[in-house]
Amino acid sequence: MEEVRKREDNLNESSQQVKVREDSLRQKEERIEELEEALRESVQITAEREMVLAQEEAARTHTEKQMEELLAAMGKVKLELESMQAKLSSTQQSLAEKEAHLITLRAERRKHLEEVLEMKQEALLAAISEKDANIALLELSSSKKKKTQDEVAMLKREKDSLVQQLKQQTQNRMKLMADNYEAEHLKASSRSEQTNHKPSPDQDDEEGIWA
């Protein structure tokens, strides 16, 4: 009986040991499964991060390429702008030279016009004096013929027409002198404002004087 009890005890002890081993093995298997799951999650997370990094790298490369293209375009625009500025400066200088030449020509034209008006006035004065002389000769004549009276009336009408022309020419000359003064004033002002290249406003007024 003693021996049987020992065997039973041994069997129980062995059974307990097996049970302990089974529990330990089951725990190890569960742990392995947990680790495998964690590993799978880690691999998935790593793959996702690598994908995100790859996308960010592609986006960065694309942005750098766009920046290079933009810098190249800006450099081209800068060169074109410098070329345009050089052309503009040359054009402005040429325009200033032409304007100065135009001012000189207008001054010469006004001077010539003033001389012409002066000659017209002198011619009108001479014609008026001639008419006065003819009228005086006819009026001093003792002849009372109708023909003589008609000639005197005609000469007086012609004289009146000449006087009106002389008045008009005098007004034109006075206006031209005023325009010349204004033009000289504008010319002096334009020297201090080289950026203003507008034509002189007296051009149209001068053309009207010839009428």
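The values are calculated or read from the model by the stated rules, or taken from the named source; none is laboratory data. Everything quoted here is computed from the prediction, not taken from an experiment. Cβ coordinates were reconstructed from backbone atoms using ideal geometry, including for glycine residues, and neighbour counts include every protein chain displayed. Please note that ligands, DNA and RNA were not included when accessible areas were found on the heavy atoms of the full protein model with its side chains. Shrake-Rupley method; radii C 1.70, N 1.55, O 1.52, S 1.80 Å.
I want to verify the translational diffusion coefficient of region 107-184 in µm²/s; compute it with Stokes-Einstein, Rh as the Kirkwood radius over Cα pairs, at 37 °C and 0.692 mPa s. List each step's numbers first, then the result.
On the way: Rh = 14.3 Å.
Translational diffusion coefficient: 230 µm²/s.
Between ARG40 and GLN16, what FRET efficiency comes out of the Förster formula 1/(1 + (r/R0)^6) with R0 = 45 Å and r the beta carbon distance, rounded to 0.05? Intermediate values should be presented prior to the final figure.
Numbers: r = 36 Å, r/R0 = 0.80.
Computed FRET efficiency for GLN16 and ARG40 comes out at 0.80.
Say the cut-off is 21 Å between C-alpha atoms; which of LYS120/LYS159; LYS120/LYS167; LYS111/LYS131; LYS111/LYS159; LYS111/LYS175 go over it? Kindly include the intermediate steps, with their values, before the conclusion.
Values: LYS120/LYS159 15 Å; LYS120/LYS167 11 Å; LYS111/LYS131 30 Å; LYS111/LYS159 29 Å; LYS111/LYS175 13 Å.
Result: LYS111/LYS131; LYS111/LYS159 exceed 21 Å.
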* To do: Any chance you could look up the accessible area of THR91 with a 1.4 Å probe, heavy atoms only, rounded to 10 Å²?
  => 80 Å²
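To one decimal place, what Kirkwood hydrodynamic radius in Å is obtained for region 1-140 from all pairs of distinct Cα atoms? Let's see the in-between values first.
On the way: mean 1/r = 0.0351 Å⁻¹.
Computed over region 1-140, the radius equals 28.5 Å.
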* **Alpha-carbon Debye profile of region 47-129, log10 I(q)/I(0) at 0.17, 0.21 Å⁻¹** => -0.87, -0.97
* Accessible area (Å², 1.4 Å probe, nearest 10) - ASP160 -> 90 Å²
